[in-house]
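The values are calculated or read from the model by the stated rules, or taken from the named source; none is laboratory data. The shown structure was predicted, so the numbers you read here are calculated from the model rather than taken from an experiment. Methodologically, a virtual Cβ is constructed for each residue, glycine included, from the backbone with ideal geometry; neighbour enumeration extends over all protein chains shown.
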Amino acid sequence: MEETRTIDFFDRTFHLSENGTNIKQECLAGLTTFVSMAYILFVNPSVLGVAGMDKGAVFTATALSAIIGCFLMGILANYPIAIAPGLGDNAFFTYSVVLAMGIPWQKAMAGVFVASVLFTILSFLKVREIVINAIPKDLKYAMAAGIGIFISFVGLQGGGIIVSSKSSLVELGSLTVPTTWITIFGIFLIAILMVKKVPGAIFIGLVATTLLGLLTGLVKMPDHLISMAPSLEPTFGVGIKFLPTMTDPKMWAVVLIFLLVAFFDTAGTLVGLAQEAGLMKDNKMPRIGRALMADSLSMLGGAVMGTTPTSAYVESSAGIAVGGKTGLTAIVTGTLFILSMAFSPLLEVVTTQVTAAALIVVGVLMVSALKDIEWDKFEIALPSFLVAIGIPLTYNISYGIAFGFLTYPILMVAAGRRKEVNVVMWSMFFVFIALLYILNVLPK
């Protein structure tokens, strides 16, 4: 009787029967999604650790923000889509804001918090949907691809495959360095697993690469494998504490880019996953407002705890592929993130060389967006190309996006397509002129 009551509760709450699924199928889907994206628990602290943040605190913040996001997505929107800190955002935070612009991570986290608050307000007012629809799809694809190339480049550097050069800026690293082969092994293993369509290929690759490092002595074994989750004290509330630093004009440029990246990242992923799961109705995604709100609130929670913006994970497609159709899948994924918090000691063995392989492969997945750009129309091709190539070459996501948003309106007018350039795009044109002025002309 109790079992029947439980089944009925889940059926009513998540509309399982209506969506042609059951508890067992949803649990399997949730497990598959978790295994496919669990790498973020170790990659995010690795990337943000380069910025000077405490890796243990970031590990806990990553897990908690994923828990919040997954549970909100499951309860509010009833979608089988998981949320966690995004790789594009953490790369921008570390390599563009902290390292390139010289902004301390505490100050940068204040920018993340402000962007999160604005993001939540815009989602509540449904402005986010309006702006997303106003940006040309080709530029959205170019942004995704550019960030993908950037992430892969960071991975190649982290693995020692690409190093700096005085004569040619970059060159091939030394293949005599043992740790470089750890990264190379990880790349090939993950690639083979993905070709074989093995669920959780990236996570399995991370585990296997770590084991190789331990067996060869290149990675040291931690004293213990299980412990209490690390304290959030080093990062909790830092963004709020440093809000007075937001008087710096450069920080508002940072906020703008965080907003832009977060704007398009989640929206594009949500729609793509909904199409894959057969959840679209009349070419529209039902309850997208609730899904965006779940993302916004998890982003806000993550900013308070000490991590970069969250986004919907394309790895959710792995869970959808095995039958995930409702929010119960996301709830199961979130529950597994709770259990994972006990394994923080593993941070010591998941080194930069280990996570580099994951960054490179995720970058490849993001670059696939280039295929959807209208390359036969030069007024679209050039701005898209400048976005995609500008992000990695300037080592700054904001500059790459600016190149595209500044050239697009001009070339569209030259091509006699002025009416296709909407008010939002003209507004962004002037915003990016101001952004470049702030970042390059104002005294540092």
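Side notes on the structure shown:
- Close pairs from region 382-402: first part of a helix (DSSP H, G or I), partner of a type in the set (Lys, Arg), Cβ under 7 Å, at least 6 apart: none
- Residues located in region 335-365, provided they are part of a helix (DSSP H, G or I) and at pLDDT below 80: 344, 346, 347, 348, 352, 355
- Qualifying positions in region 35-59 - outside any helix (DSSP H, G or I) and within 16 Å of the chain's Cα centre (by Cα): 38, 39
- Residue among 130, 190 that alone is part of a helix (DSSP H, G or I), buried (at least 24 other Cβ atoms within 10 Å of the Cβ) and over 18 Å from the mean Cα position of the chain (by Cα): 190
- Residues satisfying the stated conditions in region 44-56, i.e. crowded, with 24+ Cβ neighbours inside 10 Å and aliphatic (A, V, I, L, M): 47, 48, 53
- Scoring residue 84 on the criteria (1) at pLDDT 90 or above; (2) within 16 Å of the chain's Cα centre (by Cα); (3) farther than 26 Å from residue 330 by Cβ leaves a single failure, condition (3).
- Filtered residues of region 171-182 (kept if over 15 Å from residue 354 (Cα atoms) and either within 23 Å of the chain's Cα centre (by Cα) or buried (at least 17 other Cβ atoms within 10 Å of the Cβ) (or both)): 173
- Close pairs from region 183-195: first under 12 Å from residue 356 (Cα atoms) and of a type in the set (Gly, Ala, Ser), partner at pLDDT below 95 and buried (at least 19 other Cβ atoms within 10 Å of the Cβ), Cβ under 7 Å, at least 6 apart: 186/205; 186/209; 186/354; 186/357
- Of residues in region 382-413 being more than 17 Å from residue 261 (Cα to Cα) and touching an Asp or Glu at 6+ places or on another chain (Cβ under 7 Å), the one surrounded by the fewest Cβ atoms within 10 Å (Cβ to Cβ): 411
- From the options 207, 198, residue that is outside any loop (DSSP other than H, G, I, E, B), over 25 Å from residue 95 (Cα atoms), within 24 Å of the chain's Cα centre (by Cα) and free of Cβ contacts under 8 Å to residues at least 60 places away in the same chain: 207
- If you go through region 20-34 and pick out every residue that is of a type outside the set (Ser, Thr, Tyr), more than 25 Å from residue 93 (Cβ to Cβ) and either under 27 Å from the mean Cα position of the chain (by Cα) or crowded, with 20+ Cβ neighbours inside 10 Å (or both), you end up with 7.
- The residue of region 205-234 that is surrounded by the most Cβ atoms within 10 Å (Cβ to Cβ), among those that are at pLDDT below 85 and closer than 30 Å to residue 304 by Cβ, is 206.
- Flag if residue 362 is among the β-branched types (Val, Ile, Thr) and closer than 19 Å to residue 42 by Cα: yes
- Unmet criterion (only one of (1) under 23 Å from residue 436 (Cβ atoms); (2) surrounded by fewer than 24 Cβ atoms within 10 Å (Cβ to Cβ); (3) modelled with pLDDT under 90) for residue 118: (3)
- Region 308-334 - residue that is within 13 Å of residue 73 (Cα to Cα) and out of contact with any Asp or Glu (no Cβ under 7 Å at 6 or more places or on another chain) and, of those, surrounded by the most Cβ atoms within 10 Å (Cβ to Cβ): 333
- The lone exception for residue 138 - which of (1) over 30 Å from residue 180 (Cβ atoms); (2) crowded, with 24+ Cβ neighbours inside 10 Å; (3) among the acidic types (Asp, Glu) it fails: (2)
Each row is one residue, and each column tells you yes or no for (1) more than 25 Å from residue 238 (Cβ to Cβ); (2) part of a helix (DSSP H, G or I); (3) small (Gly, Ala, Ser).
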position: 69; (1), (2), (3): no, yes, yes
position: 94; (1), (2), (3): no, yes, no
position: 106; (1), (2), (3): no, yes, no
position: 110; (1), (2), (3): no, yes, yes
position: 113; (1), (2), (3): no, yes, no
position: 116; (1), (2), (3): no, yes, yes
position: 179; (1), (2), (3): yes, yes, no
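- Subset of region 158-170 [outside any loop (DSSP other than H, G, I, E, B) and exposed (fewer than 12 other Cβ atoms within 10 Å of the Cβ)]: 164, 165, 169
- Within region 156-169, residues that are over 12 Å from residue 354 (Cα atoms) sit with their Cβ atoms under 6 Å from residues that are in a strand (DSSP E or B) and among the hydrophobic types (A, V, I, L, M, F, W, C), at 6+ positions apart or across chains, in these pairs: 162/170.
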